[in-house]
Amino acid sequence: MKMSMLIRRFAGAFVLASLLLAHYHSPYWLWFTAFVGLNLFQSSFTNFCPLEIFLKRIGVGRDAGSCCASSPANLAAPK
């Protein structure tokens, strides 16, 4: 799975979870929603995303995230 798709899924899940928590628990959870939105906004300009760094460190998305990754058929072909 591509890293950008993973980050979008996490961001969407965080926003939805914080909205549910704000509705049923405390409106202070909306600060978390604002944090996620602000982080998405700044990463579009700076290309810095803490979630991407964390996911890379734990090894998620390392194998299938690149459009230039070699397929197993290309690896088996003689050179």
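The values are calculated or read from the model by the stated rules, or taken from the named source; none is laboratory data. Source: prediction; values computed, not measured. Backbone-built Cβ (ideal geometry, glycine too); neighbour counts: all protein chains shown.
Summary table below
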item	result
Some residue of region 14-24 being at pLDDT 95 or above, loosely packed, with under 11 Cβ neighbours inside 10 Å and farther than 22 Å from Met3 by Cα	yes
Any chance Phe48 is loosely packed, with under 13 Cβ neighbours inside 10 Å, part of a loop (DSSP other than H, G, I, E, B) and either free of Cβ contacts under 8 Å to residues at least 60 places away in the same chain or not acidic (Asp, Glu) (or both)	yes
Evaluation of Ser66 against (1) surrounded by 10 or more Cβ atoms within 10 Å (Cβ to Cβ); (2) part of a helix (DSSP H, G or I); (3) at pLDDT below 90 (one fails), failing number	(2)
